[in-house]
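The values are calculated or read from the model by the stated rules, or taken from the named source; none is laboratory data. Model, not experiment: these values are computed from the prediction. Here the Cβ positions follow ideal geometry from the backbone for every residue, glycine too, while neighbour counts run over all protein chains shown.
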């Protein structure tokens, strides 16, 4: 019962923020090819009316995807993105992600991505970033709530 | 019909063959004559507890310092500054020097501002050598190839923070007497 009340309160809070300041909650699944191998994860974010997005993410190696030494690199933290160009259903964003690698090492990964809005609630996102001084490419499937 | 079957078998075998293992290329760090470090600095930070890389020295690693006593100075290969510290306060790096006609590899650390150096072993020129540097809560562990690991205690530093990477540096006091090239490939 207590849990239900918390969920209800959170839902109401989300609804109020959505209606009052035009925020849009987004849930994404992501895959990123980095120098440490293929990583997959999820991201929860808010997009404001001015197309500024902020949120949190978690990603890690697929077990066995790192062929060289099977090390697992967890990366968790916050993400901020800002639209730098927009044309109909396509938006180009400058992205800054930062957080902890393996729950200990503070890292920052700047990047740029292109978002294509497929439907009102579904978008795909292709991007590039710099991880450990090397290029990384990523893809995201975004569900807007 | 038989030919089609043969093509299908060949195609199936080709599809089943192993994907060639992708190896990251070596990066060449060139220290020009009269300088300490490569011209373009690289900025990165440590991503996990273990730094693993492969390095190859060539004949350019044979050098003679202008002052005899500087021949004992240790050049830096690769490592990192410890948690939120400057590298002259707390850091761990592999060091190298051309000394008594061989290429020596050392552990080169700063622990609470004190320099700590320990000999690890020697390596051959033009040979790929694996280097491993691990940081735990209390110590650094250095190892090359199958040599015995060298353990150095860490200073009083945090655990969660920025560990910025440190790249090749010549010196010591003196700059490189000629161009020196070191090939390094980080392994994740």
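Within the range B:173-188, if we keep just the residues that are surrounded by fewer than 19 Cβ atoms within 10 Å (Cβ to Cβ) and more than 11 Å from the chain's Cα centre (by Cα), the residue that is nearest to residue B:109 (Cα to Cα) turns out to be B:173.
For the range B:63-86: of the residues being surrounded by 14 or more Cβ atoms within 10 Å (Cβ to Cβ) and in a loop (DSSP other than H, G, I, E, B), which is farthest from the other protein chains (Cβ to nearest Cβ)? Per the criteria, the residue is B:65.
Scanning the range A:88-111 for residues that are surrounded by 14 or more Cβ atoms within 10 Å (Cβ to Cβ) and away from chain B (no Cβ under 14 Å) yields A:91, A:92, A:93, A:94, A:95, A:96, A:111. Could you please find all residues in the range B:104-130 being surrounded by 13 or more Cβ atoms within 10 Å (Cβ to Cβ), under 21 Å from residue B:28 (Cβ atoms) and either over 14 Å from the mean Cα position of the chain (by Cα) or touching a residue at least 60 places away in the same chain (Cβ under 8 Å) (or both)? Passing the criteria: B:123, B:125, B:128, B:129, B:130.
Which condition number in (1) in a loop (DSSP other than H, G, I, E, B); (2) under 15 Å from residue B:79 (Cβ atoms) is the one that residue B:125 fails? Here residue B:125 clears every test but (2).
With the condition kept exactly as written, say whether any residue in the range A:132-143 is under 13 Å from the mean Cα position of the chain (by Cα) and either within 14 Å of chain B (Cβ to nearest Cβ) or at positive phi (or both). Within the range A:132-143, none of the residues are under 13 Å from the mean Cα position of the chain (by Cα) and either within 14 Å of chain B (Cβ to nearest Cβ) or at positive phi (or both).
Taking the options A:136, A:132, name whichever one is under 30 Å from residue B:85 (Cα atoms) and buried (at least 19 other Cβ atoms within 10 Å of the Cβ). Steps first, answer last, please.
Details: A:136 fails: buried (at least 19 other Cβ atoms within 10 Å of the Cβ).
Result of the check over A:136, A:132: A:132.
Residue A:85 passes every criterion in (1) at pLDDT below 90; (2) exposed (fewer than 11 other Cβ atoms within 10 Å of the Cβ) apart from (1). Of A:22, A:64, all but one fail to be modelled with pLDDT under 95, at positive phi, surrounded by fewer than 16 Cβ atoms within 10 Å (Cβ to Cβ) and within 14 Å of chain B (Cβ to nearest Cβ); the exception is A:64.
Counting the residues of the range B:139-167 that are closer than 19 Å to residue B:115 by Cβ, away from chain A (no Cβ under 14 Å) and not in a strand (DSSP E or B) gives 2. Determine whether residue B:133 is more than 17 Å from residue B:27 (Cβ to Cβ), out of contact with any helix residue (DSSP H, G or I) (no Cβ under 7 Å at 6 or more places or on another chain), surrounded by 17 or more Cβ atoms within 10 Å (Cβ to Cβ) and touching a residue at least 60 places away in the same chain (Cβ under 8 Å). Spelling it out, residue B:133 is indeed more than 17 Å from residue B:27 (Cβ to Cβ), out of contact with any helix residue (DSSP H, G or I) (no Cβ under 7 Å at 6 or more places or on another chain), surrounded by 17 or more Cβ atoms within 10 Å (Cβ to Cβ) and touching a residue at least 60 places away in the same chain (Cβ under 8 Å).
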